[in-house]
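S.K.: Structure provided below as structure tokens; questions to follow.
The values are calculated or read from the model by the stated rules, or taken from the named source; none is laboratory data. Since the model is a prediction, treat every value here as computed from it, not as a measurement. Cβ sites come from the backbone with ideal geometry, for glycine too, and all protein chains shown count toward neighbours. What goes into the accessible areas is simple: the full protein's heavy atoms, side chains included, and nothing from ligands, DNA or RNA. Shrake-Rupley method; radii C 1.70, N 1.55, O 1.52, S 1.80 Å.
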Amino acid sequence: MSKFYFIICILFAASVQISAQIKPNIRGKVSSDLDSIVTKANVIVNNEVVAVTNDSGIFQLTLPVGEDITIRITHASFQPRELLVKLKEGEIKTLRVTMSTKQLNEYVVKDDGGRDNFMIIMDPANIAVIATPGDAVMAMIKSAGLGVQSNNELSSGYSVRGGNFDENLIYVNDVEIYRPFLARSGQQEGLSFINPDMVQGIAFSSGGFEARYGDKMSSVLDITYRKPNKFSTTVMGSFLGVSLHIEDAIIKNRIKYSLGGRFKSNNYILSGLDTKGEYQPNFFDFQGVLTYDINEKLELSVLGGYSDNNYEMIPSTRTTIFGHVQEAKQLTVYFDGKESTRFRVGNAAFTFAYKPDYNSSHKIIFSFYNTRETENFDVTGQYYLGDIESDLSNPDFGQVVNTVGVGTFMNHARNRLEASVYNVETKSKIFRAGKKYGGKNNMTFSWGLRYQHEEIADKLDEWNILDSSGYLLPYYGPFDTVPIVFDDVLKSKINLSSNRFMAYYQQGFVWYTKNNHRIAVNGGVRAQYWDLNGEFLVSPRIQFAWKPNWKPDVLFRVAGGVYYQAPFYRELRRLDGTINANVKAQQSIHAIIGFDYNFKIWNRPFKFITEAYFKWINNLNPYEIDNIRIRYYAMNQAHGFSTGVDMKLMGEFIEGLQSWITASVMTSQEDLENDEFTPPGGGPTEYPGYIPRPTDQRFTLGLFFQDHIPKVKSLRVHVNLLFGSMLPFGPPNDNRFADTLRAPFYRRVDIGFSYVILQPNREIKNPKSFFRHFKTLWVSFEVFNLLDINNTISYLWIRDINDRQYAVPNYLTPRLFNLKVQAKF
């Protein structure tokens with residue numbers, strides 16, 4: 001391990017020496033009129049992005065001498081700025097740029113920052129207004145991301161292009177974020193790590209991403225937290241919880257901090273579920289980012305957070321009506337017992353960044369992640385399953401008229417898990433331009449090394465038992481002497497310690513043809529080694545973009561590569577709770593073509609994006625999903641594919657307000673090895689072949705639409721609509737080939753009505769007014785699940801004395817109302 005640290009330090013020193021050779025003659029710092037540093041702003045010369053502001057809001061570049069050159073600076077959340085510069089021989093110019101914050105009703109579609117590399121740049125301003133009972137950032141990803149699927153408004157998890165929740169990378173300030181291990185349902189999950197009040201930038205890729213991103217098979221979400229310039233406070237309160245955010249820059253702006261705390265209780269939301277009882281979901285977290293500018297070139301940044309997501313439930317009764325008009329049934333359950341889960345997570349990251357000039361940056365990042373998770377429940381339920389009278393002329397219409405099943409079940413668990421992940425990594429980036437720099441030919445070099453140590457301690461103690469009509473199932477008749485059979489008995493105690501080594505190198509080129517067509521190519525390779533299974537992997541990746549010199553602003557993209565996903569702990573655990581340490585990495589080969597078109601309708605900006613993809617997947621580790629719980633087979637025993645087309649149209653359908661619509665058509669299938677079987681009644685052996693993967697959702701639609709009242713633009717409406725076609729499911733057994741049933745469509749509409757009481761750039765007429773301290777103030781009334789549709793997230797399987805199974809749907813949240821107030825000081 002010490003040798004690896006030594007290698008990292010040597011390469012870091014070499015990187016600094018190489019980058020010191022580049023001498024820019026323009027240096028600028030970009031800040032906003034709302035007292036914050038503007039990161040990831042595009043610096044444009046001759047209609048090309050030649051620089052992007054770094055984490056300190058600084059950019060540097062080299063321009064030719066003696067020429068009048070216009071520098072344009074753009075950002076999705078701010079009004080663009082233009083500056084005219086003319087340099088003398090040997091002159092080094094310093095620019096200080098202040099960008100004006102857009103009004104809440106302003107939006108500019110065009111953002112060239114992510115067009116070349118299959119990244120979609122999203123505007124964080126929409127986080128505050130999107131109506132959702134769950135996490136606002138994730139709600140926007142589910143609606144605005146290409147190929148994103150989610151059938152659970154209470155969970156922060158999502159799947160992308162046929163993958164599952166575990167196949168998505170999430171970064172905050174270059175630090176990888178992890179999800180809870182033991183969560184079974186969205187109501188247990190609690191707060192996601194991302195604090196919406198602290199977000200500055202959001203970039204998302206649905207596939208074909210660069211080599212600098214990690215080793216997952218589906219997507220990347222790259223979050224950047226804001227760096228402030230002056231004091232600011234945000235306070236939010238609603239029926240679901242409260243949040244407080246404070247930021248400031250002190251000691252001549254050398255120390256900047258951003259602190260956020262949140263408290264959320266889902267008691268109001270969960271009271272509408274079919275299962276009634278005493279809910280006590282209390283979720284709390286605290287996060288902070290502190291940046292210290294040691295000097296102009298050296299910076300220390302600290303990111304830390306702690307969350308305590310505590311969920312307790314004492315169920316009393318459950319009544320669920322399901323089926324159809326001709327065959328409606330009702331399940332009634334009387335409970336005894338208690339369920340308790342608790343997830344305590346701590347994160348810390350220390351980043352040393354050395355930036356000798358804008359054209360180069362070098363980072364060393366030390367990070368630590370620890371989660372302590374407990375799951376305890378002893379729940380007994382006595383159930384009655386009956387037929388409902390469907391004849392309108394019968395006086396018993398709508399009542400249970402025939403009992404078809406009576407029984408009792410018991411669920412027990414005492415599960416404990418603690419995981420710690422330690423990381424040290426280095427990242428370097430160098431930018432080089434042609435001799436005459438006007439946004440023309442240039443190259444970018446990026447590389448990095450990472451060492452990761454993992455400690456897992458897992459104790460599993462779980463079982464279920466089912467008694468139907470006084471008989472324990474399975475029942476073998478009146479002379480049954482077979483011992484009692486417990487279902488899903490999981491007992492294990494596991495301790496794992498392992499090390500991972502990762503590295504990447506990528507190089508990007510941008511050049512112009514004689515006809516001024518722009519061509520961008522980015523090629524790279526990742527390598528990784530895990531000492532637990534002894535597997536060494538190499539992952540080449542490439543992205544190609546062509547922007548023809550046509551009057552329409554169009555861009556064509558192609559990407560491909562090999563994406564490995566080495567197993568983490570969850571993928572190693574079999575269905576019986578034991579560990580298979582020999583599981584190998586899953587492999588996904590991506591092939592993507594894309595089209596990006598910026599245009600105007602009604603003299604307003606619009607963007608259309610479409611991507612067609614094919615992913616061939618080898619060494620698949622099959623799994624089953626129950627609500628949000630993923631259980632792996634822990635064997636590389638399948639291969640499969642995902643293919644489809646994603647489309648997105650966004651722009652100002654209503655003047656000054658951003659809206660979008662996304663649509664996806666896809667299929668995802670897999671073929672398990674050695675899954676042939678003989679039918680129960682005998683006959684020839686059957687070979688299932690390709691079957692739908694658990695995330696095979698053939699069609700999805702997302703819509704976010706904003707409007708305002710004519711002549712009262714401060715009064716607005718925000719509609720968030722999600723539709724998903726039927727997902728596959730099957731009975732609770734180990735036969736994946738039986739999971740070919742289909743759940744109902746997912747249909748959900750959330751709507752919010754907001755009124756902006758105080759605009760950020762208003763004129764303060766009374767200097768003594770109490771409201772002079774407010775930058776913005778707005779109130780929102782939200783209706784969740786406007787159409788009051790019963791969406792199914794999973795199934796409870798009930799059996800009668802004849803061992804016949806009934807799939808009883810577990811419904812998500814009904815129609816609910818929320819009032820939210822937010823103020824910024």
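S.K.: Given the criteria hydroxyl-bearing (Ser, Thr, Tyr) and in contact (Cβ under 8 Å) with a residue 24 or more places away in the chain, does Ser265 qualify?
M.R.: Considered against the rule, which asks whether it is hydroxyl-bearing (Ser, Thr, Tyr) and in contact (Cβ under 8 Å) with a residue 24 or more places away in the chain, Ser265 comes out as yes.
S.K.: Tell me which of these Val242 doesn't satisfy, since it passes every other one: (1) open to solvent by 50 Å² or more (accessible area, probe 1.4 Å); (2) on the phi > 0 side of the Ramachandran plot.
M.R.: (2)
S.K.: Six or more apart or on different chains, Cβ under 8 Å: which pairs go from a residue in the range 233-248 that's under 17 Å from Ser780 (Cα atoms) to one that's open to solvent by 10 Å² or more (accessible area, probe 1.4 Å) and assigned to a loop (DSSP other than H, G, I, E, B)? Could you list them?
M.R.: Going by the 8 Å Cβ cut-off, the qualifying pairs are Thr234/Phe825; Val235/Phe825; Leu240/Ser265; Gly241/Ser265.
S.K.: Limited to the range 643-687, what total is found for residues that are of a type in the set (Ser, Thr, Tyr) and farther than 27 Å from Arg742 by Cα?
M.R.: Result for the range 643-687: 1.
S.K.: Please enumerate the residues belonging to the range 352-381 that are of a type in the set (A, V, I, L, M) and more than 30 Å from Gly28 (Cα to Cα).
M.R.: Val379
S.K.: On the given criteria, is Tyr451 open to solvent by less than 20 Å² (accessible area, probe 1.4 Å) and at pLDDT 95 or above?
M.R.: yes
S.K.: Taking the range 199-239 on its own, how many of its residues are over 16 Å from the mean Cα position of the chain (by Cα), open to solvent by less than 10 Å² (accessible area, probe 1.4 Å) and within 23 Å of Val525 (Cα to Cα)?
M.R.: Adding up the residues that qualify gives 2.
S.K.: So, in the range 180-198, how many residues would count as being open to solvent by 10 Å² or more (accessible area, probe 1.4 Å) and either under 30 Å from Gln507 (Cα atoms) or polar (S, T, N, Q) (or both)?
M.R.: 3
S.K.: Out of all the residues in the range 390-423, which are out of contact with any helix residue (DSSP H, G or I) (no Cβ under 7 Å at 6 or more places or on another chain), of a type in the set (A, V, I, L, M) and open to solvent by less than 20 Å² (accessible area, probe 1.4 Å)?
M.R.: Ala413, Leu417, Val421, listed by residue number.
S.K.: Right, here's the next one. What number goes with the only condition from (1) in contact (Cβ under 8 Å) with a residue 40 or more places away in the chain; (2) in contact with a strand residue (DSSP E or B) (Cβ under 8 Å, 6 or more places away or on another chain); (3) surrounded by fewer than 19 Cβ atoms within 10 Å (Cβ to Cβ); (4) among the aliphatic types (A, V, I, L, M) that Ile691 does not pass?
M.R.: (3)
S.K.: Can you tell me which residues in the range 748-804 are surrounded by 16 or more Cβ atoms within 10 Å (Cβ to Cβ), within 22 Å of Thr332 (Cβ to Cβ) and at pLDDT 75 or above? First the steps, then the outcome.
M.R.: Our first condition is that a residue be surrounded by 16 or more Cβ atoms within 10 Å (Cβ to Cβ); within the range 748-804, this holds for 748-752, 754, 756, 758-760, 774-778, 780, 782-786, 789-796, 798-800.
Okay, now just the ones that are also within 22 Å of Thr332 (Cβ to Cβ), so 790-796, 798-800.
Selection gives Asn790, Asn791, Thr792, Ile793, Ser794, Tyr795, Leu796, Ile798.
S.K.: I've got another one for you. Of all the residues that make up the range 525-567, how many are surrounded by fewer than 17 Cβ atoms within 10 Å (Cβ to Cβ), among the aromatic types (Phe, Trp, Tyr) and over 30 Å from Gly594 (Cα atoms)?
M.R.: Of the residues in the range 525-567, 2 are surrounded by fewer than 17 Cβ atoms within 10 Å (Cβ to Cβ), among the aromatic types (Phe, Trp, Tyr) and over 30 Å from Gly594 (Cα atoms).
To keep it simple, each residue is scored yes or no on (1) at pLDDT 85 or above; (2) part of a loop (DSSP other than H, G, I, E, B); (3) crowded, with 21+ Cβ neighbours inside 10 Å.
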| position | (1), (2), (3) |
| --- | --- |
| Pro64 | no, yes, no |
| Glu67 | no, yes, no |
| Thr74 | no, no, no |
| Leu83 | no, no, no |
| Arg96 | no, no, no |
| Asn117 | no, yes, no |
| Ile121 | yes, no, no |
| Thr132 | yes, yes, yes |
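S.K.: A further question follows. When you check Gly163 against the structure, is it of a type outside the set (A, V, I, L, M, F, W, C), buried (at least 21 other Cβ atoms within 10 Å of the Cβ) and assigned to a loop (DSSP other than H, G, I, E, B), yes or no?
M.R.: The answer is yes for Gly163.
S.K.: Output the number of residues of the range 134-160 satisfying the condition of being outside any helix (DSSP H, G or I) and β-branched (Val, Ile, Thr).
M.R.: Residues meeting the conditions: 2.
S.K.: Also, I was wondering about something else. Under 7 Å by Cβ, and 6 or more places apart or on different chains, what pairs join a residue from the range 602-628 that is without any contact (Cβ under 8 Å) to a residue 60 or more places away in the chain with one that is β-branched (Val, Ile, Thr)?
M.R.: Hits for this filter: Thr610/Val645; Ala612/Ile593; Ala612/Val645; Phe614/Thr643; Trp616/Ile589; Asn621/Val583.
S.K.: Okay, next question. Do any residues in the range 713-728 that are without any contact (Cβ under 8 Å) to a residue 60 or more places away in the chain have Cβ atoms under 7 Å from those of residues that are of a type in the set (S, T, N, Q) and in a loop (DSSP other than H, G, I, E, B), where the two are at least six apart or on different chains, and which pairs are they?
M.R.: Within 7 Å, the pairs are Ser725/Gln697; Pro728/Thr740.
S.K.: Working only within the range 184-215, note down all residues that are in a loop (DSSP other than H, G, I, E, B) and touching a Phe, Trp or Tyr at 6+ places or on another chain (Cβ under 7 Å).
M.R.: Gly190, Leu191, Gly207, Gly208, Phe209, Ala211, Arg212, Asp215, listed by residue number.
S.K.: Just wondering, is there one or more residues in the range 388-396 that are farther than 21 Å from Asn266 by Cβ and at pLDDT 85 or above?
M.R.: Yes, because at least one residue in the range 388-396 is farther than 21 Å from Asn266 by Cβ and at pLDDT 85 or above.
S.K.: Shifting gears a bit: When both residues are 6+ apart or on different chains and their Cβ atoms are under 6 Å apart, which pairs have a first residue that lies in the range 201-217 and is more than 22 Å from Ala41 (Cβ to Cβ), and a second that is in a strand (DSSP E or B) and of a type in the set (Lys, Arg)?
M.R.: Ala211/Arg526; Ala211/Arg541
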